[in-house]
Amino acid sequence: MTALTMNLPFGDGFLIAIALIALAVILLLTLFFNFIPVGLWISAVSAGVKVSIFSLVGMRLRRVKPARVINPLIKGTKAGLAVSQNQLESHLLSGGRVDNVVDALIAAHRANMELSFERAAAIDLAGRDVFEAVRMSVMPKIIETPMISAMACNGIEIKAMAKVTVRANIARLVGGAGEDTIIARVGEGIVTTIGSAKNHSEVLENPDRISQTVLNKGLDSGTAYEILSIDIADIDVGRNIGAELQIDQAEADKQIAQAKAEERRASAHAAEQEMRARVEEMRAKVVEAESQVPQAIANALNNGNIGVMDYLGIQNKIADTEMRNGLAGIKINMISDGDKK
């Protein structure tokens with residue numbers, strides 16, 4: 001190697017310089033191809049998309065991935081859409097889903113639907129799936145309501161479940177209500193229709209009456225959908241709510257009557273206790289007064305207010321009274337014994 005090097009017109013320093021230059025060129029080319037997507041530019045040019053290499057460099061400087069703009073642009077151009085790079089890049093910078101919007105525009109174009117890029121971008125930025133909305137416009141969707149219970153005028157419960165066929169309304173997707181509103185409105189219409197029926201048999205005989213009444217209410221106003229049809233999928237008879245309410249009312253009336261009777265009984269018992277207390281009080285006063293009679297007689301004898309004969313006359317009257325009371329008690333007992341016989 002040393003001999004070969006000595007035969008060359010240049011020395012070791014020249015070879016090292018050549019190697020460093022080659023390495024620098026390789027590094028520069030690597031950085032160039034990594035920073036500038038030349039392959040993506042070639043794909044765009046071959047697909048007929050007019051985009052310059054400087055536009056791709058500008059995307060890199062704006063921290064935009066060129067593939068997220070150029071690939072949807074190629075797809076849209078091949079499908080015959082009139083979309084530009086600036087529109088797609090602006091929508092991407094706004095936080096939109098560029099690929100989803102382009103797919104929706106292609107689907108609408110194939111279905112001969114009028115959908116501009118601005119409306120599609122607005123729908124996407126509003127948080128709705130614009131591609132799914134276009135698909136629902138072409139192929140309607142069926143929304144199934146839960147089992148809804150309502151009571152007819154005769155008190156019989158009717159349970160019904162409906163299937164609502166809806167189609168997306170592109171013009172009302174921004175600001176329009178969603179599926180939950182459709183389900184709530186249909187449920188309200190079912191309850192109103194069943195509740196206005198005089199007899200539950202009317203609803204069972206004509207279940208299409210529910211769907212026709214609900215459909216005529218214009219329940220899709222203000223929503224992002226257009227109701228095509230409402231079909232009653234299942235209908236069944238539930239409980240006799242009217243009879244249950246009457247039973248509950250009778251039980252409540254019974255409890256109220258029992259409470260009032262208990263209140264009257266408590267009042268009567270309290271009045272009886274009060275009367276007995278008064279009688280006992282009067283008896284106590286009589287006993288007290290009777291206990292003072294001997295003392296009063298003794299004071300009258302001592303003071304000379306009555307004589308001995310007067311006292312004896314009082315004793316005779318007391319004895320006569322006790323005898324009469326005793327005879328009256330014997331007579332009453334004899335009468336009671338005769339009634340028993």
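The values are calculated or read from the model by the stated rules, or taken from the named source; none is laboratory data. Note that the structure is predicted; figures quoted are calculated from it, not measured. Note: ideal-geometry Cβ built from the backbone for every residue, glycine included; neighbour counts use all protein chains shown. Heavy atoms of the whole protein, side chains included, go into the accessibility calculation; ligands, DNA and RNA do not. Shrake-Rupley method; radii C 1.70, N 1.55, O 1.52, S 1.80 Å.
When you look at LEU215, is it free of Cβ contacts under 8 Å to residues at least 24 places away in the same chain and surrounded by 16 or more Cβ atoms within 10 Å (Cβ to Cβ), yes or no?
Working: free of Cβ contacts under 8 Å to residues at least 24 places away in the same chain: yes; surrounded by 16 or more Cβ atoms within 10 Å (Cβ to Cβ): yes.
So LEU215 fits the description; yes.
From ALA261, ALA243, which residue is aliphatic (A, V, I, L, M), more than 39 Å from the chain's Cα centre (by Cα) and assigned to a helix (DSSP H, G or I)?
The unique qualifying residue is ALA261.
Here is a check on your reading of the model: is GLU262 over 30 Å from GLU188 (Cβ atoms) and open to solvent by 70 Å² or more (accessible area, probe 1.4 Å)? Working first, answer last.
Working: over 30 Å from GLU188 (Cβ atoms): yes; open to solvent by 70 Å² or more (accessible area, probe 1.4 Å): yes.
In short, yes.
Only one of VAL186, VAL203 is over 22 Å from the mean Cα position of the chain (by Cα), assigned to a helix (DSSP H, G or I), of a type in the set (A, V, I, L, M, F, W, C) and buried (at least 18 other Cβ atoms within 10 Å of the Cβ); which? Steps first, answer last, please.
Details: VAL186 fails: over 22 Å from the mean Cα position of the chain (by Cα).
The unique qualifying residue is VAL203.
Can you tell me how many residues in segment 283-297 are within 16 Å of TYR311 (Cβ to Cβ) and of a type in the set (A, V, I, L, M, F, W, C)?
Here the count works out to 3.
Mind counting the residues in segment 170-183 that are more than 18 Å from SER229 (Cα to Cα) and exposed (fewer than 14 other Cβ atoms within 10 Å of the Cβ)?
2
Considering only residues that are in contact with a Gly (Cβ under 8 Å, 6 or more places away or on another chain) and open to solvent by 50 Å² or more (accessible area, probe 1.4 Å), which ones fall in segment 95-125? I'd like the intermediate steps shown before the answer.
Let us first name the residues in segment 95-125 that are in contact with a Gly (Cβ under 8 Å, 6 or more places away or on another chain), namely 102, 105-106, 109, 121, 124-125.
Of everything in segment 95-125, those that are in contact with a Gly (Cβ under 8 Å, 6 or more places away or on another chain) and open to solvent by 50 Å² or more (accessible area, probe 1.4 Å) turn out to be HIS109, LEU125.
Could you give every pair whose Cβ atoms fall below 6 Å, whose first residue belongs to segment 91-118 and is closer than 18 Å to PRO66 by Cβ and in a helix (DSSP H, G or I), and whose second residue is among the acidic types (Asp, Glu) and open to solvent by less than 30 Å² (accessible area, probe 1.4 Å), counting only separations of at least 6 or pairs across chains?
Short answer, once both residue conditions are applied: VAL101/ASP124.
List every residue pair whose Cβ atoms lie under 7 Å apart, where the two residues are 6 or more positions apart in sequence or sit on different chains, the first residue falls within segment 42-54 and is within 16 Å of LYS65 (Cα to Cα), and the second residue, located anywhere, is in a helix (DSSP H, G or I) and open to solvent by less than 60 Å² (accessible area, probe 1.4 Å).
SER43/ILE74; ALA44/ILE70; ALA44/ILE74; VAL51/ALA44; VAL51/ILE70; VAL51/GLN85
For segment 218-239, how many residues are within 30 Å of GLY127 (Cα to Cα) and open to solvent by less than 60 Å² (accessible area, probe 1.4 Å)?
10
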